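Before any comments, here is the structure.
Taken together, the values in this text are just the output of simple stated rules run on the coordinates, not laboratory data. Worth saying up front: this structure is predicted, and the values here are computed from it rather than measured. All Cβ positions, glycine included, derive from the backbone under ideal geometry; neighbour counts span all protein chains shown.
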Amino acid sequence: MNTQERDKKEAEVDALVKQKDTDAACRLLVALVTEYAKEKNFKKAESLYNRLYEVDSMALTEIVRAGEIIEEEKSESVDREHLEIWSDLYGTLSTTEGNALYYSMKTKIFEAGEPIMEQGTFNSRLYFINKGEVKALYLQGDREILITMLMPGQIIGQMPFFTASVCTLSLVPMNRVKTSFLETDVLKKWKNDVPALESRLYDYCMHNDPVKKALDEKNIERRTDRREKFFGRIKFVLLDKSGKSLGNAYSGEIADISVGGMSFIVKSPKKESVRMLLGRRLRVIFDLPLKSHEKPHKIDQAMTVIAAQPQAFDDYSVHLRFDTKWAQKMMDAIDFSENL
């Protein structure tokens with residue numbers, strides 16, 4: 001069936017719907033879905049599949065059959081080498097979830113020495129190593145520490161991808177590396193299409209994280225500044241690139257503070273909104289109680305969001321980095337006893 005014939009068939013569907021002959025319209029839509037799916041034109045096949053719902057949401061036999069046809073054809077076109085490398089991962093997923101994961105991926109090749117991720121920068125991709133070897137490096141002062149070597153069948157970028165944070169390590173190819181990767185915006189699409197996929201992928205990544213395992217074995221502490229628990233109210237407002245305030249101020253609860261930064265807890269039902277804070281500048285206002293019993297020292301300064309991590313009950317911990325580290329004497333002057 002050529003393009004012109006298919007256009008006629010789609011017009012025929014419209015005519016049948018106007019005549020209220022939904023049974024015939026649904027049968028014709030299933031035939032068209034089959035044609036496009038066999039050609040691997042899944043975008044068009046899924047568009048016509050969605051049309052089935054519009055024509056008759058109770059045409060369950062046709063709807064189920066059309067969905068099965070699409071999934072069968074998707075499964076047939078999966079890269080078998082990729083499937084073999086990631087067999088353990090796909091073994092935890094249903095056919096629909098596996099297809100959704102596979103067809104959400106993009107491919108990127110890195111040459112030797114070309115950084116995949118760099119410590120202290122922002123990253124929104126989850127990488128799956130298909131070929132090649134990658135060094136996980138941690139820069140501590142002027143010293144570069146090799147954490148571990150990563151091989152095909154291993155995933156990198158778990159924490160920045162799922163929790164919205166800066167990269168705490170650098171990942172550099174030893175040789176030519178072929179990867180598949182996901183962008184964070186796919187998580188929003190999955191919520192409607194395959195709602196359990198994000199949590200299944202997250203669980204797999206957390207249980208198969210060679211970088212975390214290597215860090216635990218080497219007992220490397222990556223926090224350079226000691227954090228002190230601190231409880232108090234904070235107000236913050238988003239800043240534009242010129243430093244001007246955008247919109248209203250919001251409130252949160254301070255969690256901890258150090259000479260290099262701080263974190264606070266904010267409540268939000270929208271994960272995407274909190275994730276968008278990553279890398280943005282905030283104007284932050286709060287009071288610091290002093291041991292001298294003078295009036296509290298007012299903090300009103302711009303800071304950069306370096307992480308936004310989900311907690312329980314729609315809470316998120318937002319981590320900030322100061323532009324310039326505070327002097328230790330400033331930390332020593334804070335009366336933390338008021339927070340006991």
Revision key, fill the gap. At R0 = 22 Å the Cβ-Cβ FRET efficiency linking R176 and D142, nearest 0.05, sits at 0.15
Point to revise | Extension reserve of the A196-K241 stretch, reckoned as 0.36 nm per residue once the Cα distance is removed | key: 12.5 nm
**Study point:** Point-to-point label distance, D203-E72, nm (Cα→Cβ direction, 7 Å offset)
**Key:** 3.0 nm
Point to revise | Choice from F110, F181, F313 showing the highest fluctuation, given a GNM over the chain with Cα pairs closer than 10 Å | key: F313
Check your understanding: Once the principal axes of the Cα atoms of region 228-339 are found, what is the range along each, listed largest first in whole angstroms?
Key -> 42, 34, 22
**Study point:** Coarse-grained scattering of region 1-139 at q = 0.11 Å⁻¹, given as base-10 log I(q)/I(0) from a Debye sum over alpha-carbon atoms
**Key:** -0.58
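If you put +1 on each Lys and Arg Cβ and -1 on each Asp and Glu Cβ, how big is the dipole of region 228-339 around its Cα centre, in Debye rounded to 20?
Charge dipole of region 228-339: 460 debye, to the nearest 20.
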Review point. What nm distance separates the two modelled labels at K329 and F231, each placed 7 Å from Cα along Cα→Cβ?
Key: 3.1 nm
Practice item. Classify region 3-76 as rounded, prolate or oblate from the Cα gyration tensor: take a ≥ b ≥ c as the square roots of its eigenvalues, call it rounded if a/c is under 1.5, otherwise prolate when a/b beats b/c and oblate if not. Key: oblate
Point to revise | Residue order, fewest to most beta carbons within 10 Å, for S258, S242 | key: S242, S258
Exercise for review: Could I have the simple spin-label model distance between E81 and H293, label points 7 Å from Cα toward Cβ, reported in nm to one decimal?
Suggested key: 7.5 nm
Point to revise | Residues with amide H under 5 Å from that of K131, placed H, sequence gap 5 or more | key: K178
Study note, to complete from the structure: Protection proxy (average C-beta count within 10 Å per residue), highest first, orders 4-10, 203-209 as 203-209, 4-10
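May I ask you to order 116-123, 137-144, 185-192 by the average number of other C-beta atoms within 10 Å around their residues, highest value first?
Numbers: 116-123: 17.5, 137-144: 11.4, 185-192: 13.9.
The peptides rank, most packed first, as 116-123, 185-192, 137-144.
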Review point. Farthest toward the dipole's positive end in the chain, which of T22, A333, M262, given Cβ charges of +1 (Lys, Arg) and -1 (Asp, Glu) about the Cα centre?
Key: A333
Check your understanding: Among S94, T107, M174, whose Cα sits farthest toward the positive end of the charge dipole of the chain (+1 at Cβ of Lys/Arg, -1 at Cβ of Asp/Glu, about the Cα centre)?
Key -> M174
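Around L48, under 14 Å between beta carbons, what's the net of Lys plus Arg minus Asp minus Glu among the other residues?
Values: positive: R6, K9, R27, K38, K43, K44, R51, R65; negative: D7, E10, E12, D14, E35, E39, E46, E54, D56, E62, E73.
Here the charged neighbours net out to -3.
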Revision key, fill the gap. Compactness summary of region 80-218: radius of gyration and Dmax from Cα atoms, Å, are 14.8, 48
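With +1 on each Lys and Arg Cβ and -1 on each Asp and Glu Cβ, and nothing else charged, work out how big the dipole of the chain is about its Cα centre, in Debye to the nearest 20. Show your work: numbers first, answer last.
Numbers: 51 positive and 53 negative charges, 262 e Å.
Here the chain has a charge dipole of around 1260 debye.
When only C-alpha pairs under 8 Å and at least 6 residues apart count, what is the relative contact order of region 228-339, in percent?
Relative contact order comes out at 27 percent.
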Revision key, fill the gap. For region 199-209, in residue order, the Karplus 3J(HN,Hα) values (coefficients 6.51, -1.76, 1.60; θ = phi - 60°; whole Hz; Gly and Pro = x) are 5, 5, 5, 4, 4, 4, 5, 5, 7, 10, 10
Review point. Roughly what angle does helix 42-55 make with the longest principal axis of the chain, taking Cα atoms, 0 to 90 degrees, to the nearest 10?
Key: 80 degrees
Review point. Can you give the three extents of the C-alpha atoms in the chain along their principal axes, from longest to shortest, in whole Å?
Key: 84, 48, 36
Check your understanding: Using 0.36 nm per residue, how much length does the chain from A302 to D88 gain when fully extended, once their Cα-Cα distance is taken away?
Key -> 72.5 nm
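Per 0.36 nm of contour for each residue apart, how much would the distance between M151 and D14 grow if the chain were fully extended, relative to their Cα-Cα spacing?
Extra length from M151 to D14 when fully extended: 44.1 nm.
Defining a contact as two alpha carbons under 8 Å apart and six or more residues distant in sequence, what relative contact order in percent does the chain show? Present the calculation step by step, with values, prior to reporting the outcome.
Details: 601 pairs, mean separation 39.0, N = 340.
RCO, the chain: 11 percent.
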